[in-house]
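Participant: The structure follows.
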Amino acid sequence: MRINTNVAALNSYNQLKNTQSNLSKSLERLSSGKRINKAADDAAGLAISEKMKSQTRGLAQAQRNAQDGISMIQTAEGALKESHSILQRMRELSVQSSNETNTTADREEIQKEVTQLKDELNRIADTTEFNTKKLLNGKSGVQGSVVANSANGDFVSGTKDTETGTYQVTIDTAATKATGGAGGTDLSAVTDFSAKDYTVNGIAIDTSDLTSSDIDGLTSRINEYTNQTGVEASNDGTNVTLNQVNYGSDYTVSVTGTDSADLWSGSATAGVDASVSVTAKDGSTAQASGQVGSGQVVEIAAGFDSAGMTIRAEGAATNTFTIDVEQGSVGFQIGANKGQDMSLAINEMSASKLGDVANGNFVSDIDVSTTEGSKDAISVLDDAIAQVSGERSKLGSVQNRLDHTINNLNTAQENLTAAESRISDVDMAKEMMNMSKQQILSQAGTAMMAQANQLPQGVLQLLG
């Protein structure tokens, strides 16, 4: 028998401590309703659960996005319903004016209403909006594509202010890069590059370990600093040439330090900005020039209907090419992940775009002040009504699609939420059973701890 070390008490203590720890976990889970309250509870389960949560929250937001899309479509379609009514009334007036019982004065009065209806048709197209986004003016989103001869130029982007159509772009002056050059002393005889203390574009070049005439080593060392200097080096075995990596006049090459002129070969040249002119479909021209460095673009921000157009203009030659600026579309993010989206293009619904498009006869040109003009107007309005019908049909189809999208997203969210719940949520009944077990074990462990503490007292009988 031993009294210095009570092994039985230690064992009882360890068991009681484990029981208390398990009881604490049960209480935490029951009070929070979560099986995983910290990463230590289930590291792998936590990672899976959080990934599922991001998906379920994304699916919930995608449903709201789709509902917003439906609201936007309903706004556009509701406006087009009124456009339909206007066109039907204009057709009715055209039929009335075609009748030979009318006098010239009668037709002039009819034309007054037609003119007002055309103005209202344009007003609806210009002002119908959702969340300040114009819907029926054809500028809800514009994209462009290069269609020919774009070796040294490219269409980068347009804005909602960029009109659709074909444009001719001319790179009047090509952008060039600055080149460092002065002197041209033979560097092959240099025996210690470390003594030169070169600074390229304000950045000190560490040449302390270049102790020979290793011109390739010097070239490589300069290139190690390209991200900071914007300068690339090359050599012909005798001289080093420094070139800017960016186009334009804002980007230069400068070298300072001991015998810095010895480093260069050839003559120093400055970078040149690109200049670009764009000829619009109406024959007007806008010009712009600018840097084309890291972005390599020139903004056309002034003039006619190409406001906001961005042109890429790089390379060593001038160039002329055409671009088509096409009708853009509104994008709806209808999924939880990148790429799970759809788009909708809404055409311009103004009087100048509705009518006999193939022959260039539009509602804006309608004149019912003559019999012949009235009869021609009937045909033009038939085409315009068909256009609006087609646009409304398209909007209705997309709305129906979004309804199905919402139902699908709701089902996916429900199933994914159930799966995530099985991983992270606690089974309350099972955990209550476990807690009861731990409570009983805690009571038993406490009793046995008391018994173990009494064991050494048996030694007193031997001493008595």
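The values are calculated or read from the model by the stated rules, or taken from the named source; none is laboratory data. Since the model is a prediction, treat every value here as computed from it, not as a measurement. Cβ: placed from backbone, ideal geometry, glycine included. Neighbour counts: every protein chain shown.
Participant: Look through Lys25, Lys112, Lys51 and report the one residue that is surrounded by fewer than 14 Cβ atoms within 10 Å (Cβ to Cβ), of a type in the set (Lys, Arg) and over 42 Å from the mean Cα position of the chain (by Cα).
Facilitator: Lys112
Participant: Looking at (1) of a type in the set (A, V, I, L, M, F, W, C); (2) within 28 Å of the chain's Cα centre (by Cα); (3) at pLDDT below 95, which is the one condition that is false for Ala444?
Facilitator: (2)
Participant: Kindly establish whether Ser94 is surrounded by 21 or more Cβ atoms within 10 Å (Cβ to Cβ) and either of a type outside the set (A, V, I, L, M, F, W, C) or not in a helix (DSSP H, G or I) (or both). Give the derivation first.
Facilitator: Working: surrounded by 21 or more Cβ atoms within 10 Å (Cβ to Cβ): yes; either of a type outside the set (A, V, I, L, M, F, W, C) or not in a helix (DSSP H, G or I) (or both): yes.
Taking the combined requirement at face value, the residue satisfies it.
Participant: Here's another thing I want to ask about it. When you check Leu59 against the structure, is it among the aliphatic types (A, V, I, L, M) and either crowded, with 16+ Cβ neighbours inside 10 Å or free of Cβ contacts under 8 Å to residues at least 40 places away in the same chain (or both), yes or no?
Facilitator: yes
Participant: Follow-up. Is one or more of the residues making up segment 53-72 over 29 Å from Ser329 (Cβ atoms) and in a helix (DSSP H, G or I)?
Facilitator: Let us first name the residues in segment 53-72 that are over 29 Å from Ser329 (Cβ atoms), namely 53.
From what is left, the residues that are in a helix (DSSP H, G or I) are 53.
Yes, that holds for at least one residue.
Participant: Would you pick out the residues in segment 321-339 that are at pLDDT 75 or above and either surrounded by 15 or more Cβ atoms within 10 Å (Cβ to Cβ) or over 18 Å from the mean Cα position of the chain (by Cα) (or both)?
Facilitator: Result: Ser329, Val330, Phe332, Gln333, Ile334, Gly335, Ala336.
Participant: Conditions: (1) more than 23 Å from Ala174 (Cβ to Cβ); (2) crowded, with 16+ Cβ neighbours inside 10 Å. Asn246 meets all but one. Number of the miss?
Facilitator: (1)
Participant: Across segment 224-243, what is the total count of residues that are surrounded by 15 or more Cβ atoms within 10 Å (Cβ to Cβ) and at pLDDT 85 or above?
Facilitator: Residues flagged as surrounded by 15 or more Cβ atoms within 10 Å (Cβ to Cβ) and at pLDDT 85 or above within segment 224-243 amount to 8.
Participant: Looking at Thr166, Thr159 in this structure, which one is in contact with a Lys or Arg (Cβ under 7 Å, 6 or more places away or on another chain), at pLDDT below 90 and outside any helix (DSSP H, G or I)?
Facilitator: So the residue among Thr166, Thr159 that is in contact with a Lys or Arg (Cβ under 7 Å, 6 or more places away or on another chain), at pLDDT below 90 and outside any helix (DSSP H, G or I) is Thr166.
Participant: Taking Ser71 as the residue in question, decide whether it is of a type in the set (Gly, Ala, Ser), modelled with pLDDT under 95, under 27 Å from the mean Cα position of the chain (by Cα) and more than 29 Å from Met435 (Cβ to Cβ).
Facilitator: Answer is no for this residue.
Participant: Taking segment 339-387 as the region of interest, how many residues are free of Cβ contacts under 8 Å to residues at least 12 places away in the same chain, assigned by TED's automatic domain parsing to the domain that holds Ser397 and in a loop (DSSP other than H, G, I, E, B)?
Facilitator: 1
Participant: Here is a follow-up. Return the pairs, sorted by first residue and then second, in which the second residue is at pLDDT below 80 and not acidic (Asp, Glu), the first residue lies in segment 449-464 and is surrounded by 10 or more Cβ atoms within 10 Å (Cβ to Cβ), the beta carbons are less than 8 Å apart, and the residues are 6+ apart or on different chains.
Facilitator: From segment 449-464, the pairs are Pro456/Met1; Pro456/Arg2; Pro456/Ile3; Gly458/Met1; Val459/Met1; Val459/Ile3.
Participant: Follow-up. Can you tell me which residue within segment 263-275, out of those that are closer than 19 Å to Thr199 by Cβ and buried (at least 19 other Cβ atoms within 10 Å of the Cβ), is modelled with the lowest pLDDT?
Facilitator: Ser265
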